[in-house]
1. Look at the stretch 223-266 and say how many of its residues are of a type in the set (D, E, K, R) and either surrounded by 16 or more Cβ atoms within 10 Å (Cβ to Cβ) or closer than 21 Å to N190 by Cβ (or both).
2. Could you figure out which of (1) buried (at least 24 other Cβ atoms within 10 Å of the Cβ); (2) outside any helix (DSSP H, G or I); (3) of a type in the set (A, V, I, L, M) isn't true of I96?
3. Just to be sure I understand, how many residues within the stretch 129-167 are out of contact with any helix residue (DSSP H, G or I) (no Cβ under 7 Å at 6 or more places or on another chain) and part of a helix (DSSP H, G or I)?
4. Could you go through the stretch 23-39 and let me know if any residue there is surrounded by fewer than 14 Cβ atoms within 10 Å (Cβ to Cβ), modelled with pLDDT under 95 and under 20 Å from E131 (Cα atoms).
5. Would you mind stating whether E50 is part of a loop (DSSP other than H, G, I, E, B), loosely packed, with under 12 Cβ neighbours inside 10 Å, over 15 Å from the mean Cα position of the chain (by Cα) and on the phi > 0 side of the Ramachandran plot?
6. Which condition does L178 not pass, out of (1) surrounded by 17 or more Cβ atoms within 10 Å (Cβ to Cβ); (2) within 15 Å of N21 (Cα to Cα), if it passes all the others?
7. For the stretch 53-79, which residues satisfy the criterion of being within 19 Å of the chain's Cα centre (by Cα), of a type outside the set (G, A, S) and assigned to a helix (DSSP H, G or I)?
8. Only one of V169, V163 is out of contact with any Pro (no Cβ under 6 Å at 6 or more places or on another chain) and modelled with pLDDT under 95; which?
Amino acid sequence: STESDASVLSDLATGLRGIENLISGLGCHSEYQIFCREIFSAISEKIGWEKQPGDGHLDALLRSTSLGNSGHYGDKSVLKEARIKYDNHVSERQVIHPDIRTVVFNLAAQQGDKLVYDQMWALEKASDLQEEKVRLHSALSNFSDKELLEETLKKSLSEDIRVQDSIRVIVTVAGSVLGRSLAWDFIRNNWKEIDRRYGDGGFALMRLVSIVSGFTTIERLKEVEQFFEDNPTPAAERTIRQAKERIRLNQAWLSKYSGQVSDFLR
């Protein structure tokens, strides 16, 4: 049924992104992208960009999941169409339907330069809707350029971003392998301010600390252990313990399966 398709595809997408994080440092990453692209692109072609009469919530989920992942894994036609839709939206020729706006913004950012980056901040400042600001914060955390991601991190603790939104922006930047490394450096360099704002505990601090659970090496584990030894964080102690265990599991998974994954993809 459509419902199971949308739900299954969404779960599959989450699982595949998790594996991508684990194998991103291996020589087979480009083959993995092709493998994933083939899964999502066929569905994207079938469902298309435009909302159809009678479409429900699950059709919208199927559309955004398939297009978002097709573009993420490098489908050139999807990336091209996302850029066209983005440009039309910015020039006010054609406003993007809210159902696919997050996907279009994210994919425009993924392939975007400083011009697109500045445009998105202008859109963010011009919007009165918090929902639209959240979409744009997500996109501003999805650029592939190191300097632009660093700029987003810098802004996350500035007056440009509400205090209650800062953590979400940093965590979203940390969603990619490059971004996670930059976000971790940023957290360590700005720990005094982060601790002042969020050190009393709560979900925000736990969410921030949990970004390190995406790391996959013993070197990173030692870094994490040393940092929290030097900067005790009682309010997130359990989350830190779980994150360190997750790094160990990631490392163990790679040791056991990286060869098999490489063989399968080749």
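1. So the first thing to find is which residues in the stretch 223-266 are of a type in the set (D, E, K, R), and the list is 223, 225, 229-230, 237-238, 241, 244-246, 248, 256, 263, 266.
Subsequent filtering for residues that are either surrounded by 16 or more Cβ atoms within 10 Å (Cβ to Cβ) or closer than 21 Å to N190 by Cβ (or both) retains 223, 225, 229-230, 237, 244, 246.
Here the count works out to 7.
2. Evaluating I96 over (1) buried (at least 24 other Cβ atoms within 10 Å of the Cβ); (2) outside any helix (DSSP H, G or I); (3) of a type in the set (A, V, I, L, M) leaves (1) as the failure.
3. If we filter the stretch 129-167 for residues that are out of contact with any helix residue (DSSP H, G or I) (no Cβ under 7 Å at 6 or more places or on another chain), which is where we start, we get 129-132, 134, 145, 147, 151, 154-155, 158-160, 162, 164.
Imposing the further condition that a residue be part of a helix (DSSP H, G or I) reduces the set to 130-132, 134, 147, 151, 154-155, 164.
Of the residues in the stretch 129-167, 9 are out of contact with any helix residue (DSSP H, G or I) (no Cβ under 7 Å at 6 or more places or on another chain) and part of a helix (DSSP H, G or I).
4. No: zero hits.
5. On the way: part of a loop (DSSP other than H, G, I, E, B): yes; loosely packed, with under 12 Cβ neighbours inside 10 Å: yes; over 15 Å from the mean Cα position of the chain (by Cα): yes; on the phi > 0 side of the Ramachandran plot: no.
Considered against the rule, which asks whether it is part of a loop (DSSP other than H, G, I, E, B), loosely packed, with under 12 Cβ neighbours inside 10 Å, over 15 Å from the mean Cα position of the chain (by Cα) and on the phi > 0 side of the Ramachandran plot, E50 comes out as no.
6. Of the numbered conditions (1) surrounded by 17 or more Cβ atoms within 10 Å (Cβ to Cβ); (2) within 15 Å of N21 (Cα to Cα), the odd one out for L178 is (1).
7. So the first thing to find is which residues in the stretch 53-79 are within 19 Å of the chain's Cα centre (by Cα), and the list is 61-75, 78-79.
Filter again for of a type outside the set (G, A, S), leaving 61-63, 65, 67, 69, 72-73, 75, 78-79.
Matches in the stretch 53-79: L61, L62, R63, T65, L67, N69, H72, V78, L79.
8. Working: V169 fails: modelled with pLDDT under 95.
Just one listed residue meets the conditions, V163.
The values are calculated or read from the model by the stated rules, or taken from the named source; none is laboratory data. Being a predicted model, the structure only gives us computed values, none of them experimental. Virtual Cβ from ideal backbone geometry, glycine too; neighbours counted across all protein chains shown.
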